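Let me begin by presenting the structure, written as structure tokens, before commenting on it.
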Amino acid sequence: MALVQTTHGEMDESLLRKEEGAFEDDNEITTWVEYWLGSELVHRSAHVTLKKNVLTEGITQMIS
Amino acid sequence: MANTQAMCTSFKGELLTATHNFGASPTRAGSTADTFKAALYLASATINASTTAYSATNEVTGTNYTAGGATVTNATAPATSGTTAYWTPSASITYTNVTLSTAFDTMLMYNSTQSNKAVAVYTFGSQTITAGTFTLTMPTNDATTGLLRLA
């Protein structure tokens, strides 16, 4: 039995509907997971991996 | 041999360790690394290169989120490679069991040791968190992808 932290406290994952997604572009890789109790969103987590420093060019222009 | 005009790579690295001071202030009394923090900002905020210091204005608010954000883990000293100086936090930045209901898309890294002065702004796709965890995982710490680079 897996427990999920929700707005109602810890709940058994089997009682919830799980949705997952992902997004990627030049700047980031993002994954997210949602748990729904009926039509109510009770948990959402997101994980963003930064792929590069978006400020590099600006810093380069200032320093160089 | 020929001489080549350039900014010395060693100098770039030394900028990241406050070795040089072209002005009269501030005078650095300590020799230990400063504490850096990461604050999250609403998608409706205006945080950019003109931001000079941390402000609570338009910072996210919500359950288990502490104003000012999370402390950045700094266990890896700045380094240089080629002609680039770089530094990256040595661990992911994690906000655990938070509820952040209003969309946010920005992290401001700032120096909490030096009057909360701003360091850099990082944006990402707009997010909300509900009784969950928001994690920012760092890129590879090298001259190509390091989070803070002086090229």
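Annotation: aspartates and glutamates with alpha-carbon distance below 20 angstrom to A:Lys51 (same-chain offsets under eight excluded): A:Glu24, A:Asp25, A:Asp26, A:Glu28, B:Asp105, B:Asp142. Over the protein assembly as shown, the Kirkwood radius and the radius of gyration, each from Cα atoms, give a ratio Rg/Rh of 1.04. Going from the residue with the fewest nearby Cβ atoms within 10 Å to the one with the most, B:Asp105, A:Asp12, B:Asp34, A:Asp26 rank A:Asp26, A:Asp12, B:Asp34, B:Asp105.
Placing dummy labels 7 Å off each Cα toward the beta-carbon, the span from B:Asn21 to B:Thr144 is 3.8 nm.
The stretch A:11-47 and the stretch B:30-83 have their alpha-carbon centroids 26 Å apart. Per-residue Cβ neighbour counts within 10 Å put A:Val42, B:Val121, A:Val33 in the sequence A:Val33, B:Val121, A:Val42, beginning with the fewest. Karplus-based coupling profile of the stretch B:91-99, in residue order and whole Hz: 8, 5, 9, 10, 10, 9, 6, 9, 10, with θ = phi - 60° in 6.51 cos²θ - 1.76 cosθ + 1.60 and x standing for Gly or Pro.
Read-outs: derived from the displayed coordinates by stated rules, not from any lab. Bear in mind that the values here come from a model prediction, so they are computed numbers and not experimental data. For neighbour counting, all protein chains shown are included, and Cβ atoms are generated from backbone atoms with ideal geometry for every residue, glycine included.
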